[in-house]
Each structure stands twice: as C-alpha cells, then as structure tokens.
Amino acid sequence: DAKTTQPNSMESNEEEPVHLPCNHSTISGTDYIHWYRQLPSQGPEYVIHGLTSNVNNRMASLAIAEDRKSSTLILHRATLRDAAVYYCILRDRGESDKLIFGTGTRLQVFP
Amino acid sequence: NAGVTQTPKFRILKIGQSMTLQCTQDMNHNYMYWYRQDPGMGLKLIYYSVGAGITDKGEVPNGYNVSRSTTEDFPLRLELAAPSQTSVYFCASSSGQSGNTIYFGEGSWLTVV
C-alpha cells in the first residue's frame, strides 16, 4: 500500500488560510487522494478527495501536484472548529482498498 | 438514514472476558472496516470486508474475529480481552469505489481491566 507523509503538527490563527501538505511519492496512477479530519472524541469525517485535478468544495480545496507525488489541503479561512487531526490517505482502485491511515497532522487554531 | 451505527458506546471488560462490538450501516455499502485508535495515536485497521461472506485481515488482527453474514452488519468479536485491547474502536463503510466517501461511526470506547 502506498504511504503518505505529513507533518506532525501545524498552527494557524483564526481567519487565516491554512495549507496542509502531504507527500505520497509512491502513489500509483490508480490511487485517489483522500483527506479526512478527526475532531476530538469523534470519528473521522470526509473533507475532500481528488485524482489528478485540483478540487474545491464548501469545506476546502485540494491542490494536487502535476506529478501527483504531493498534495495540499487548503482551508481558506481557518476557524476554531477546524482544530482537528487531518489525515491524507491514498485509496487504490484495486480490490484490497485497505484504507491505511498515517499519523496525520494536528492543526491548532488560535483566536 | 442513520449512517454507520456502533454499539455499545462505552464498555468495561475484565481480563479474559469476551464481547462483540456491533456495527450496522443502512447505506447498502459493500465495504466495511474496523479500526482501533489508541490514545494520541492514529487509526489502525483491524479487519475489513469487501462484501457479505468475505473478510480479510488488516494491520492489527490478532485477538479479534469478524464475520459478515449480511451487507448491513459487520460485528467485531474479542474472545479473550486483554489490557492491550483498551482502545477506541471505529467502524466504517464505503461503497467500495475508490472515489467515494468513507463513512465512520461515532466510536466505541472499550476499557479492559
């Protein structure tokens, strides 16, 4: 299974943009890039996903490098409610689809 | 739709006892997963299933068993509880297509004493 590498922690001030990086140098051509976040004492929740092109939704944007070996989750205006652990996960199209989580990035947001 | 429902939410077990964590989903998803999360750590995959009657081991399967007799249900069995199994357990489901969302339950907090 392809692995991802993320910084252990990041900090931001409220209402500032946040760029959360993820390296996935062993990504295969069939892997989707998924981002999930986990608020304290809750299960992970979906944020965004993409394959090759940049993606936007109401929660965030996902910027994917041209060679697909890295990606960046962008929160345009951080709020206190965005404080969470953010996981970058690769999902392949194969039958296994094991969904292996890495250690994630703990985002702190300061008022 | 209820999504992914886990029971119980909290449980205290004595060493050597057995129990089953229940997980059910009402989204007709083929793929289901069980994870455990130790304090301050990431999620580790215990078992997963790609459809009724099919299960496979994840990263940390020792001490656990699963079955998948229906599409909706994916129970996790602890046969001989050990303190090392004190953790939060999350069940998840997905339609199985890699571009689709994974839905998680709210978690089951298990303490083995």
Verdict on residue B:94 being within 8 Å of chain A (Cβ to nearest Cβ), open to solvent by less than 10 Å² (accessible area, probe 1.4 Å) and polar (S, T, N, Q): yes
Answer from B:61, B:75, B:8 - the residue that is surrounded by fewer than 13 Cβ atoms within 10 Å (Cβ to Cβ), more than 10 Å from every other protein chain (Cβ to nearest Cβ) and either closer than 25 Å to residue A:40 by Cα or in contact with a strand residue (DSSP E or B) (Cβ under 7 Å, 6 or more places away or on another chain) (or both): B:8
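Name the residue that is nearest to residue B:90 (Cα to Cα), counting only residues in the range A:42-52 that are touching a strand residue (DSSP E or B) at 6+ places or on another chain (Cβ under 7 Å) and open to solvent by 20 Å² or more (accessible area, probe 1.4 Å). Don't jump to the end; show me each part of the working.
First pass over the range A:42-52, keeping only residues touching a strand residue (DSSP E or B) at 6+ places or on another chain (Cβ under 7 Å): A:43-52.
Within this subset, residues satisfying the condition of being open to solvent by 20 Å² or more (accessible area, probe 1.4 Å) are A:45-46, A:49, A:51-52.
Numbers: A:45: 12, A:46: 14, A:49: 21, A:51: 26, A:52: 30 Å.
Ranking the qualifying residues of the range A:42-52, first place goes to A:45.
Each row is one residue, and each column tells you yes or no for (1) farther than 26 Å from residue A:84 by Cβ; (2) open to solvent by 20 Å² or more (accessible area, probe 1.4 Å).
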{"site": "B:28", "(1), (2)": "yes, yes"}
{"site": "B:36", "(1), (2)": "no, yes"}
{"site": "B:90", "(1), (2)": "no, no"}
{"site": "B:109", "(1), (2)": "no, yes"}
Residue match in the range A:33-41 (condition: in a loop (DSSP other than H, G, I, E, B), in contact (Cβ under 8 Å) with a residue 40 or more places away in the chain and touching an Asp or Glu at 6+ places or on another chain (Cβ under 7 Å)): no
Out of A:58, A:37, A:77, sole residue that is within 12 Å of the chain's Cα centre (by Cα), more than 8 Å from every other protein chain (Cβ to nearest Cβ) and of a type in the set (Lys, Arg): A:37
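So which of B:54, B:15 ends up being open to solvent by 40 Å² or more (accessible area, probe 1.4 Å) and either under 12 Å from the mean Cα position of the chain (by Cα) or within 23 Å of residue B:112 (Cα to Cα) (or both)?
Criteria check complete, one pass: B:15.
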Enumeration of residues in the range B:78-88 that are polar (S, T, N, Q) and open to solvent by less than 60 Å² (accessible area, probe 1.4 Å): B:85, B:86, B:87
Flag if residue A:87 is under 16 Å from residue A:100 (Cα atoms), surrounded by fewer than 19 Cβ atoms within 10 Å (Cβ to Cβ) and within 12 Å of chain B (Cβ to nearest Cβ): no
Among the residues listed as A:75, A:39, the single one being over 20 Å from residue B:105 (Cα atoms) and touching a strand residue (DSSP E or B) at 6+ places or on another chain (Cβ under 6 Å): A:75
Contacts under 7 angstrom Cβ, first residue in the range A:57-78 being closer than 23 Å to residue A:108 by Cα, partner in a loop (DSSP other than H, G, I, E, B) and β-branched (Val, Ile, Thr), 6 or more apart: none
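The values are calculated or read from the model by the stated rules, or taken from the named source; none is laboratory data. Computed from a predicted model, the values in this text were never measured in an experiment. Using ideal geometry, Cβ is built from the backbone for each residue, glycine included, and neighbour counts are taken over all protein chains shown. Just so you know, the surface numbers come from the protein's heavy atoms only, side chains and all, with ligands and any DNA or RNA stripped out. Shrake-Rupley method; radii C 1.70, N 1.55, O 1.52, S 1.80 Å.
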